[in-house]
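Engineer: To start, I am sharing the structure in question, which I have written as C-alpha cells.
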Amino acid sequence: MLVAILKEARQDETRVALTPDAVKALTGKGITVAVESGAGVQSGAGDQDYQTAGASISGNRADLLSTADVIPVVNALPAADQEQLKSGSVMIGFLRPLDDPAALATAIKRGVTLFSLELVPRITRAQSMDALSSMATVAGYKAVIVAADHLPKLFPLLMTAAGTIPPAKVLVLGAGVAGLQAIATARRLGAVVEAYDVRAAAGEQVKSLGAKFIEVDLGGLQTEDKGGYAKELSPEALELGRQAIAKAAKTSDIVITTAQVPGRAAPLMIPAAAVEDMRPGSIIFDLAAPAGGNCEVTKPGETIVYHGVTVFGPTNLAAQMPVHASMLYSRNLSNFLQLILKNGELHIDRADDILAGSCVAFGGEIVNERVAAAAARQA
Ligand code: NAD
C-alpha cells in the first residue's frame, strides 16, 4: 500500500496535500508513504521533515504516479499525470468535478477511483473532513488582511493630538464560513462592519460578532434549503438585495463579497453602476471570483481598478497562506483517509454515506449523478 504525495502542478498552488504530521500518523500504521522531492517546501515542510516522519523522498514523479495506490492531492492531477496512474488507484482532493468534469476524463477511463472533497456531505460525522470550510476560513481572514494592507487608510478609530481618525467601514456580503471569518477579522482590526445575507439565520451570527446585519424584507421568501445553503433567488429578490447593498457600499471603504449558491454561478450583487458610486480609493474583494464573482466588473484571477475602486478577483486565495491552509487541509484529508484505509489496506465501503456522496468515479464509470449531468453538458 503506497501513498504518494506529489508536487502540485497548478502554477499558483503552494499547498501540499499531506503535511509531515499526517505522514507520521500513516507510517505509524505501517503504510508506506513516498513524497516527491520539494512537494512541501512552499508549505514550510522540507524533504527532511517528511523523512523524519517516515516517508521516502523520490525525484521520479513518473515512478510515483505508476506505483501509487492512493494519491492525495490539493488539485486534480493534470491529464498527462493521470495517464500514468494504475487502474484501481485512488485520487482524493479538490477535483472540481462539477465545474470541469472533462479534466478528470483520463483518470476515469483508466479506472482510477476519484473522491472529491467538494462533494463530502455536510453532515455532522463529516465535519472533520470539511475542507471547503477550512479553506473558506483561511480565505475570509486573508481577504481582510490584503484589503487592509491595500487601503490608503487606518482601520481603527484613533484619537490623536492631531485629531480623530474615524474607523474604516467594511461591508461583508454573504455571511457563511468565509464571510463570518472576514467579519471577525475586520472587527479585530477595529473596523465598523455591516453584513448582508439572504439566510435569516446568518443575522444572529453576524450580530454576535459585533457587526450590523442589513435587513432586507423579501416578503417571507424561503431563502434556505434543507442543507442550510442559500437557494437561488428570483430576479426580484436579488434586486431588493442589490438596492440595499448599493446604498451601504457607497459609504464603505472595503466590500468583501462571498455569496455563493452551490452548483450555480455566483449571484450578481454589485452591478457596475454601484461600483461607480463608491468612493475612489475604496476596495472590493470578491471571494466569489472562482464562480464568476458577485461584482459585475470582477475579473477572476486579476486585480483591476474601475472608476478609482480596486477590485480583487482572487481564484486561489487560500494558497496565499500555505502553512496553515495545508495544515487544515491535511487534517481534513487524513480524516477522510481513515475511512478508506483499514488495517493498512485500501477498503472502500461504497455504502458509507460520506464515501457514496463524495465518490465521483469508480471502475471506469462516473458514479455521481450531478457529475454525470455536468459531464454531459460539457461534452
Ligand atoms: P457558501 O460558500 O455556499 O455561500 C456563502 C454565503 O453566501 C452563504 O451564507 C449564503 O447564504 C450567502 N448567499 C448566497 N446567495 C446570496 C445572495 N443572493 N445574497 C446574499 N447572500 C447570499 O456558504 P458556506 O459558507 O459554505 O456555508 C453555508 C451554510 O452552511 C452556513 O449556514 C454554514 O454555517 C453551513 N455550514 C454547515 C456545515 C456543516 O458541516 N454542517 C459546514 C460548513 C457550513
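The values are calculated or read from the model by the stated rules, or taken from the named source; none is laboratory data. These numbers come from a predicted model, not from an experiment. All Cβ positions, even for glycine, are placed from backbone atoms using ideal geometry, and neighbour counts span all protein chains on display. Surface accessibility is based on the protein's heavy atoms, side chains included, excluding ligands, DNA and RNA. Shrake-Rupley method; radii C 1.70, N 1.55, O 1.52, S 1.80 Å.
Engineer: Report the Cα centroid-to-centroid distance between region 18-58 and region 302-351 in angstrom, as an integer.
Structural biologist: Here the two parts' Cα centres lie 18 Å apart.
Engineer: Could you compute the net charge surrounding ILE256? Neighbours are other residues with a C-beta less than 13 Å from the C-beta of ILE256; K and R count +1, D and E count -1. Present the calculation step by step, with values, prior to reporting the outcome.
Structural biologist: Working: positive: LYS142, LYS169, ARG187; negative: GLU194, ASP197, ASP253, ASP286.
It works out to a net charge of -1.
Engineer: Further question: Per residue, what accessible area does region 25-90 have, given a 1.4 Å probe and all protein chains present, in Å²?
Structural biologist: 40
Engineer: Expressed as a rounded percentage, what relative contact order does region 100-244 have, with Cα pairs under 8 Å and six or more residues apart?
Structural biologist: RCO, region 100-244: 15 percent.
Engineer: Could you please report the charge total around LYS24, scoring K, R as +1 and D, E as -1 over all other residues with beta-carbon less than 14 angstrom from its beta-carbon?
Structural biologist: Residues close to LYS24 contribute a combined charge of 0.
Engineer: Select from ALA351, ALA273, SER252 the residue farthest towards the positive end of the dipole of the chain; place +1 on Cβ of Lys and Arg, -1 on Cβ of Asp and Glu, and compute about the Cα centre.
Structural biologist: Selected residue: SER252.
Engineer: Summing +1 for each Lys or Arg and -1 for each Asp or Glu, what net charge is found among the other residues whose Cβ lies under 11 Å from the Cβ of LEU171?
Structural biologist: Numbers: positive: LYS169, LYS212, LYS247, LYS250; negative: GLU194, ASP253.
After counting each charged neighbour, the total is +2.
Engineer: Dipole magnitude of region 222-356 about its Cα centre, charges +1 at Lys/Arg Cβ and -1 at Asp/Glu Cβ only, in debye to the nearest 20?
Structural biologist: Values: 11 positive and 15 negative charges, 41 e Å.
The dipole of region 222-356 has a size of about 200 debye.
Engineer: Over the chain, what is the relative contact order in whole percent, taking alpha-carbon pairs under 8 Å and six or more residues apart?
Structural biologist: 19
Engineer: Please report the relative contact order for region 190-243, taking Cα pairs under 8 Å with a sequence separation of at least 6, and give it as a percent rounded to a whole number.
Structural biologist: Computed over region 190-243, the figure is 30 percent.
Engineer: Per-residue ellipticity at 222 nm for the chain, helices alone: DSSP H runs ≥ 4 residues times -39500 (n - 2.57), over residue total, nearest 500 deg cm²/dmol? If you can, show how the numbers build up before the last one.
Structural biologist: On the way: 13 runs with 128 residues, N = 379.
Mean residue ellipticity at 222 nm (helix-derived): -10000 deg cm²/dmol.
Engineer: How much length would be gained if the chain were fully extended between ARG125 and LYS153, taking 0.36 nm per residue of separation minus their Cα-Cα distance, in nm to one decimal?
Structural biologist: 5.7 nm
Engineer: Here's another thing I want to ask about it. Please enumerate, by chain and number, the lysines with C-alpha under 30 Å from the C-alpha of LYS247, excluding those fewer than 8 residues away in the same chain.
Structural biologist: Output for LYS247: LYS142, LYS153, LYS169, LYS207, LYS212, LYS231, LYS299.
Engineer: Could I ask something else about it? I need the phi-derived Karplus couplings for region 104-113: 6.51 cos²θ - 1.76 cosθ + 1.60, θ = phi - 60°, integer Hz, Gly and Pro marked x.
Structural biologist: Computed from phi, the couplings for region 104-113 are 10, 4, 5, 5, 4, 4, 7, x, 7, 7 Hz.
Engineer: Charges at C-beta only: +1 for Lys and Arg, -1 for Asp and Glu. How large is the resulting dipole of the chain about its Cα centre, in Debye rounded to 20?
Structural biologist: Computed about the Cα centre, the dipole is about 480 debye.
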